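Quick notes on the structure that follows.
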Amino acid sequence: MKVQVSREVQEALRLRKAVVALESTILCHGMPYPNNVRTALEVEDIIRSSGAVPATIAIIEGVPHVGLGKEEIEMLGKEGHKVKKVSRRDLAYVVASGLHGATTVSATMYLAHLAGIKVSRERGACVYSERTPVALTGLALLDLLLLKVFVTGGIGGVHRGVESTWDVSTDLRELSKTPVCVVCAGVKSILDIPKTLEFLETEGVPVMTAGQDHFPSFFTADSGMRSPMRVDSASQAASVVRAQNDLELGGSLVAVPIPLEDQADAREVENAIEICLERARREGVRGNAITPFILQGVKDLTKGKSLEANIKLVKNNAEFGARLALHLQRLPAKL
């Protein structure tokens, strides 16, 4: 399958620079225009200024793109909800149909990993197989390692009321099998955080929180739930990610709490979420439409405060993720 890798990302791989993957659902479904485009470009600049290279991932006319130009980001941002939201389930359909697609966490993880494999093969290097362990050396190893960090706002998870809906994001299963580290501000607070953490434990995904003992709650720094693991620096997180990759155990999650001065009011956000969940039930909103529906409602009810917090936390994640990618690039493989 054709995967279009931008010149900037190709050059970064040639020069053995760290690359940070970014999703496009936040661009098309997570924020209104023009905030979405401005935030996407600013996040890319933060990663560049940290010494890494951003690779925003999306599908354009059926072709997966790893790394977008400003014109492509502008186009997707303007199209917004017209662009199909794409998880792993939707990839084949969107590619075969020649559609535009905004990749979620699961689809972005998969395409980031696929791009690393593709670049390795095209350079005549050692081919990586998920099922057959092989010795990875030289450029092949570097290519695969340089596409191992992905920054987003928050991951999907177990939805509230899952007992009756069975609504569980495919992000969680992707984390268990695709060897990419996801850096986020925790699980989106509109979801059931305790059940999501339980699901991740069942799937064997290491969940780390940066700098504190409690797992964050997206818009706020503390969910009240104790984090399974704590790391106090990007370098410590990188060491765990490297060991996870060396052991071929799948992906990992690093939750970076939103700075206290940037967080939204927890009670105000929770009240807004409850109102929006009830609206969604009354209007029959479900499936992958429910998250953007509730996020938009929370933004309106908080008079834009939740959007401000969202923008700030994504930028904070980008800075931490870039540092993690740089540390990960420098660590030697141990197995």
Open item on the list: What are the ³J(HN,Hα) couplings of the stretch 205-212, residue after residue, when phi is run through the Karplus curve with 6.51, -1.76, 1.60 and θ = phi - 60°? Round to Hz, x for glycine and proline.
Closed with: 8, x, 10, 10, 10, 7, x, 7
Task: Compactness of the stretch 221-260 - radius of gyration and Dmax, Cα, Å - done: 11.8, 36
TODO: Two decimals is fine: what's Rg over Rh for the stretch 235-335, C-alpha atoms, Kirkwood radius as Rh?
DONE: 1.13
Task: Dipole of the stretch 1-111, positive end: most advanced residue of V53, M75, P32 [Cβ charges, Cα centre] - done: V53
Task: Spin-label pair R89/L41, simplified geometry with 7 Å Cα→Cβ offset, distance in nm - done: 3.5 nm
- [ ] Determine ³J(HN,Hα), in whole Hz, for all residues of the stretch 97-113 in sequence, where each value follows from phi through the Karplus function 6.51 cos²θ - 1.76 cosθ + 1.60 and θ = phi - 60°; x replaces Gly and Pro.
- [x] 8, x, 9, 7, x, 9, 7, 7, 4, 5, 5, 5, 4, 5, 5, 4, 5
TODO: Before rounding to the nearest 500, sum -39500 (n - 2.57) across all DSSP H runs of length at least 4 in the chain and divide by the residue total; then give [θ] at 222 nm in deg cm²/dmol.
DONE: -14500 deg cm²/dmol
- [ ] Pop out the carbon and sulfur fraction of the accessible area of the stretch 246-335 as a percent, whole number, probe 1.4 Å.
- [x] 51 percent
Open item on the list: Just to confirm, what accessible area per residue do you get for the chain at 1.4 Å probe, in whole Å²?
Closed with: 44 Å²
Open item on the list: With the alpha-carbon atoms as the only input, what is the per residue convex hull volume for the chain in Å³?
Closed with: 123 Å³
Task: Charge dipole magnitude, Cβ of K and R +1, D and E -1 - the chain, Cα centre, debye nearest 20 - done: 740 debye
- [ ] Of the listed pairs K2/K299; K2/K195; K2/K148; K70/K177; K17/K303, which have alpha-carbon separations greater than 30 Å here?
- [x] K2/K299; K2/K195; K70/K177; K17/K303
TODO: Report, by chain and number, residues whose modeled amide H sits under 5 Å from the one on S252, excluding near sequence neighbours (fewer than 5 apart, same chain).
DONE: V180, C181, V182
Open item on the list: If you scale each eigenvalue of the Cα gyration tensor by 5 and take the root, what three semi-axes come out for the stretch 65-120, rounded to whole angstrom and sorted largest first?
Closed with: 19, 15, 10
TODO: Heavy atoms only, probe 1.4 Å: what % of the accessible area of the stretch 1-56 goes to carbon and sulfur, would you let me know?
DONE: 49 percent
TODO: Report P(r) for the stretch 1-109: all Cα-Cα distances, bin width 5 Å, range 0 to the bin holding the largest distance, values in whole percent.
DONE: 2, 14, 24, 26, 19, 11, 4, 0
Open item on the list: What translational diffusion coefficient, to the nearest whole µm²/s, does the stretch 230-292 have by Stokes-Einstein, given a Kirkwood radius computed over alpha-carbon pairs, a temperature of 4 °C and 1.567 mPa s viscosity?
Closed with: 84 µm²/s
Task: Gained length - R226 relative to L247, 0.36 nm times residue gap less alpha-carbon distance - done: 5.0 nm
- [ ] Give me the number: length gained by fully extending K303 to K177, i.e. 0.36 nm times residue separation minus the C-alpha to C-alpha distance, one decimal in nm.
- [x] 41.5 nm
Task: Segment S235-A96, extension gain: residue separation times 0.36 nm, minus the distance between their alpha carbons - done: 46.0 nm
Open item on the list: Contact order normalised by length for the chain, with contacts defined as Cα pairs under 8 Å and 6 or more residues apart; what percent is it?
Closed with: 18 percent
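The values are calculated or read from the model by the stated rules, or taken from the named source; none is laboratory data. Owing to the predicted nature of the structure, the values given are computational and were not obtained by experimental measurement. Note: ideal-geometry Cβ built from the backbone for every residue, glycine included; neighbour counts use all protein chains shown. We work out accessible area using only protein heavy atoms, side chains counted, and drop any ligands, DNA or RNA first. Shrake-Rupley method; radii C 1.70, N 1.55, O 1.52, S 1.80 Å.
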